[in-house]
Amino acid sequence: MTMKSAPIYFDNAATTPMDERVLEEMLPYFKNNFGNPSSVHSHGRNARETLEKARKKIASLLNTSPGEIIFTSGGTEADNTAICGAIETYGIKHIITSPIEHHAVLHVVEHEVKEKNIRLSLLECDAEGNLNMDQLALLLEKEPNSLVSLMHGNNEIGNLNDIERIAALCKQHGSYFHSDTVQTMGHYPIDLKALPIHSLSGSAHKFHGPKGVGFIYINKTKKINPLMLGGGQERNNRGGTENIAGIIAMAKALELAFDDQASHAEEILQLKTYLKSQIEKNIPGVTFNGLSGNLDKSLYTVLNVSFPPSENNQGMLLFHLDLEGISASGGSACSSGARLGSHVLNALEADPSRENVRFSLSRFNTKAEIDHVVKILAGLYQA
Ligand SMILES: Cc1ncc(COP(=O)(O)O)c(C=O)c1O
C-alpha cells in the first residue's frame, strides 16, 4: 500500500494560509469586545479604541498617518474605490492602465470607460510583460489630468513595476496615481512618506491574514469620494460597520510580515531559485512566463512555468497535480472556477499549445515539498 503524501499548497498568490498568531489575535473579538465602533457606550468605545490602534499600527508600518488608512472588504474594494473615487472627484476623462492588471482594476476601468465616456489608453507590453514607459511619459505629457492605475507586482507572472518611477512621472504631470499593491503588501518594504503615490491597496489574505478585509491608503493631499455610501464610518470615507476582528488580524499579520520581512524574502527567494533550477533540470523544454524566471525582476513568491505540450498530460497538467494533492494554478483564481485562459498570458501572446502553471510560494513552503512536486512533474513528463 502506498502512503498518500500530505497536500501541498503552491497557490499563495491566490490566498495564503493564516498565521496561527494572527488567528489567536482575532478570536477574542468574536466573543469579547464585540461592540460596534460607531456606538457611543462603553462596548462601542472599546471597539473604537481597538480599531484605531489597528489603524495606527498599519499606518506606522507604512510610514504614514492613520487618517490616510481606510478599511475595506479587501483588495477589490480598495481598487474600485480608488478608480471610481478619483474619476468622480477629479473629473478624470482619461485612464492609463495596462492589459496585465488584475480584473479588480481592469473590470472597473472598463465599466467606467463605457458608462462615463472616458478614454482609455492601455500601455503596450512586450512578450515578457515589460510595460512601455516611454509611451506612459508621452501620454502624460499630452494629457496631464489622467488617472494612472498600474500594479506593483503582477499576480500571475510576478513582474515588478517600478512604482517610484511611475509615481515621479505622474507627479511631474499632475496625474493621479493608484497602484494595486495587493501582491507586494507585506512582502516588500514601503515608505509612504518617500513615495509620491495617491492611493494603493492591500488585502490581508495575501499576507497570512483572513479573507474579506483589506485597506486603501489615500494620500491626504488627494482625497477622493467614497465608493460605499452609508453610515459615515471611516470618517465618511467608507460606509459600513467595520470588520473589527478582521482588521485586528490584518494589523497583526502586517506586523508579523514586516517584523521578519527581509529574512522571509530571503528564505522564499531561495525556495523559488531551487524550484526553478529543479524544474529546469528535470523537465526538458520548460521556459518561464513573463519575468518570473528572472529572479531580480519578479516577485520572489511567483514562478510561472511554461511546460512543453505533452502526450501524457494533454492540457490536464493542473488536474494531474491536483490528483496528487498539489495545489497550483493556471493564473489568477476566478470565482466561477471557469477556465477561460489567462488575460495576462494572452496579452503576452504566450504559445497556446504549452501548459502554464503558476507556482506561488510562502514562508510555509519547504524544500521537501519542492522535491516532491518536481518528482511528480518529472513523472508526468516521462515519455
Ligand atoms: C493583484 C491583485 N489585485 C487585487 C486582488 C483582489 O483582492 P481581494 O481578493 O482581496 O479582493 C488580488 C487577488 O487575487 C490580486 O492578486
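The values are calculated or read from the model by the stated rules, or taken from the named source; none is laboratory data. Since we're looking at a predicted model, the values are computed, not measured. Quick reminder, even Gly has a Cβ in these numbers, built from the backbone with ideal geometry, and neighbours come from all protein chains shown. Calculation scope for accessible area: heavy atoms of the full protein, side chains included, ligands and nucleic acids excluded. Shrake-Rupley method; radii C 1.70, N 1.55, O 1.52, S 1.80 Å.
Just a few scattered comments:
- Of the chymotrypsin sites (Phe, Trp or Tyr not before Pro) found in the range 1-98, those that fall in a DSSP loop while having at most 13 other beta-carbon atoms within 10 Å are F34.
- Crossing angle, helix 367-380 versus the chain [Cα axis fit, 0-90 degrees, rounded to tens]: 50 degrees
- Pairwise centroid distance, computed over Cα atoms, of the range 235-282 with the range 63-136, Å: 23 Å
- Accessible surface of the range 182-232, 1.4 Å probe, proportion on carbon and sulfur as whole %: 59 percent
- Computed from Cα atoms, the angle from the helix 103-116 axis to the main principal axis of the chain rounds to 50 degrees.
- Long pairs among K56/K367; K114/K142; K252/K297; K211/K252; K220/K297, criterion Cα-Cα beyond 25 Å: K56/K367; K252/K297; K220/K297
- The stretch between K31 and Y274 holds 83.1 nm of extra length on full extension. This uses 0.36 nm per residue minus the Cα-Cα distance.
- Estimated D of the range 106-261 in µm² per second, where Rh is the Kirkwood radius over Cα pairs and Stokes-Einstein applies at 37 °C, 0.692 mPa s: 192 µm²/s
- When the Cα positions of P17, G285, I83 are compared along the charge dipole of the chain, I83 comes out farthest toward the positive end, with charges on each C-beta of Lys, Arg, Asp and Glu.
- Backbone amide hydrogens, once placed in the peptide plane, bring D11 within less than 5 Å of S360, excluding anything fewer than 5 places away on its chain.
- Signed unit charges on C-beta, dipole axis of the chain, positive-most listed residue N225, H205, N294: N225
- R48 accessible area, assembled protein chains, probe 1.4 Å, Å²: 90 Å²
- Accessible area per residue in Å² at 1.4 Å probe, computed on the chain: 45 Å²
- Whole-percent carbon and sulfur share, accessible surface of the range 1-126, 1.4 Å: 56 percent
- Evaluated with a Cβ-only charge set (Lys, Arg +1; Asp, Glu -1), the range 227-340 carries a dipole of roughly 320 debye about its Cα centre, given to the nearest 20.
- Reciprocal of mean inverse Cα separation for the range 38-150 (Kirkwood radius, Å): 16.5 Å
- Its residues counted as N, the range 1-74 yields a C-alpha radius of gyration over 2.2 N^0.38 Å of 1.60.
- Between helix 133-142 and the chain: long-axis angle, C-alpha atoms, 0 to 90°, nearest 10: 30 degrees
- Across the chain, C-alpha contacts under 8 Å between residues 6 or more apart give a mean separation that, scaled by the residue count, equals a relative contact order of 23 percent.
- The length gained by stretching the chain between K53 and N346 to full extension, at 0.36 nm per residue less their Cα-Cα distance, is 101.1 nm.
- Summed over all non-identical Cα pairs, the Kirkwood treatment of the chain gives a radius of 21.7 Å.
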